[in-house]
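The structure under discussion appears below in the form of structure tokens.
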Amino acid sequence: MKAVVQRRYGSAVLGELDVPVPGQGEVLLEVRAAGVDMGTWHLLTGKPYLLRVIGFGFRGPKSPVPGRDVSGVVSAIGPGVAEFSVGDEVMGTCDGSFAEYAVAPVKQLARKPAGLSFAEAAAVPISGGTALQGLRGVQPGQRVLVLGAGGGVGSYGVQIAKALGAHVTGVCSTRKLDLVRSLGADEVFDYTAGDFTGTYDLVLDCGGNRSLARLRRALTPRGTLVLVGAETGGSLTGGFERALRAAALNPFVSQKLTMLMSAERGDVFDELRVMIEAGSVRPAVDRAFPLPEALDAIECVYSRRSAGKVVVTI
């Protein structure tokens, strides 16, 4: 099979590998599309270096093929699998989705939403699942602020918060204002023209760089801050130090300060399927790249040129 092959951090090429064989509780997917997010860039480059220490591979990546978001068709069934059959159309996560075939655990898969293309479905799992888990507990009438509202997680955050009945404010760059408005935001701030105002019951910070002090000022006295990664702090920690400060401060303040560690689970992806089929959420796909241009797709996300999601089609 054709696949993007990565033997060391910092480089990858289009090559050929043997088709993998599904094991216990796994299925083989004929991959139709793969989503791209900042996590893909981090695992390609091995930065921040903290990722290597916590188990993703010290000298080189554990998986020879990058990519985690996936949509495709079940091609073969491993032992003990009863949830899916050959021919089923699914979406979810796995190791090595930048390839013509990939093995995926059934616990990380859900059925593809009716009416979505494979490219749209591949844009759902990680970003949509992260936003959904970050907004747990939001009540109708509450005020939600989404920082990075024009990106992958943020574009879902705006829609899911609206679906939960919240008043939603999005913050993004000038070129993404129309997208964020189209997703249902009640208010939109262009951060290049000035900072946002107001106080909020929940702030979903999607890879931002604002200080904890500034974010806390945006919260109500018992509001919740949800940090979704960070792109500051350099090659060593990549911004994790802000999350560590939040965790250290959290026991001593009335506000709830958290860093989201989202789970890649089929039941979460199935919740998103229901919302998509109900019409309350839709993937915002900016660009689709063919498999030979997968590295260009990663660069597009890293440079923040994309509005919404970027996918690789196979």
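All of the numbers you see were taken from the coordinates with simple rules; none came from a lab. As the structure is a computational prediction, the values presented were derived from the model and not from experiment. For neighbour counting, all protein chains shown are included, and Cβ atoms are generated from backbone atoms with ideal geometry for every residue, glycine included.
Short to long, the 5 Å bins of the Cα pair-distance histogram for the stretch 128-259 hold 2, 12, 23, 24, 22, 12, 5, 1, 0 percent of all pairs. Charged neighbours of residue 254, selected by a Cβ distance under 11 Å, balance to +3 (K, R count +1; D, E count -1). In the chain, the inverse of the mean reciprocal separation of distinct Cα atoms equals 19.7 Å; this is its Kirkwood hydrodynamic radius.
Could you grab the relative contact order for the chain? Cα pairs under 8 Å, six or more apart, rounded to a whole percent. Can you show the working numbers first?
Values: 792 pairs, mean separation 62.5, N = 314.
Rounded, it is 20 percent for the chain.
Annotation for residue 197 and residue 209: the two label points, set 7 Å from Cα along the Cα-Cβ direction, are 2.6 nm apart.
Which entries in 62/256; 2/107; 62/112; 176/256; 2/176 show an alpha-carbon gap greater than 32 Å?
Working: 62/256 35 Å; 2/107 26 Å; 62/112 28 Å; 176/256 29 Å; 2/176 34 Å.
Table pairs above 32 Å Cα-Cα are 62/256; 2/176.
Compute a Gaussian network model of the chain, connecting alpha carbons closer than 10 Å, and tell me which residue from 137, 92, 78 fluctuates the most. Judging by the Gaussian network model, the answer is 137. The helix-based estimate of mean residue ellipticity at 222 nm for the chain, built from -39,500 (n - 2.57) per DSSP H run of four or more residues and divided by its residue count, is -7000 deg cm²/dmol to the nearest 500. Springs join every pair of Cα atoms under 10 Å in this Gaussian network model of the chain, and among 63, 303, 97 the largest mean-square fluctuation is at 303. Please list, by residue number, everything in the stretch 101-141 whose backbone N is under 17 Å from a paramagnetic label point 7 Å out along Cα→Cβ of residue 258. The answer is 128-140, whose backbone nitrogens lie closer than 17 Å to the label point. What FRET efficiency would be calculated for the residue pair residue 293, residue 174, taking the C-beta separation as r and a Förster radius of 35 Å, to the nearest 0.05? With a Förster radius of 35 Å, E is 0.85.
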